[in-house]
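Following: one structure in structure tokens, then a few remarks.
All of the numbers you see were taken from the coordinates with simple rules; none came from a lab. Not measured: the values here are computed from a predicted model. Every residue, glycine as well, gets a Cβ built from its backbone with ideal geometry; the counts of neighbours run over all protein chains shown.
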Amino acid sequence: MGRPARFEAVKRAIPKKPTNVSLSVDLVEEAKRLGINVSEACQSGLAAGVKKAREAEWQEENRAAIEWWNDYVRENGLPLAKYRQF
């Protein structure tokens with residue numbers, strides 16, 4: 001008997017947009033020689049850059065709240081510290 005459907009990976013086509021990028025000729029040739037898929041490598045690098053930028057944006061948007069919480073903990077300690085088992 002197979003696994004329930006909820007555990008099966010959902011595979012769906014993610015639409016892609018053709019895009020022109022300018023890359024170093026030497027780098028592209030080396031990537032091809034090594035069997036690296038340039039499109040996938042570009043997508044992975046772009047995804048990493050977007051993730052990093054989103055994280056920085058979130059940090060900036062929430063900076064005041066994080067600073068407030070850190071000040072609170074410095075002045076009052078952790079709210080449930082007396083119940084900690086370690």
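Restricting attention to the stretch 41-52, does a residue exist that is exposed (fewer than 10 other Cβ atoms within 10 Å of the Cβ), out of contact with any Asp or Glu (no Cβ under 7 Å at 6 or more places or on another chain) and assigned to a helix (DSSP H, G or I)? No - not one qualifying residue is present in the stretch 41-52.
So is Gly35 part of a loop (DSSP other than H, G, I, E, B) and within 30 Å of Thr19 (Cα to Cα) or not? Walk me through how you get there before you give the answer.
Values: part of a loop (DSSP other than H, G, I, E, B): yes; within 30 Å of Thr19 (Cα to Cα): yes.
It is true that Gly35 is part of a loop (DSSP other than H, G, I, E, B) and within 30 Å of Thr19 (Cα to Cα).
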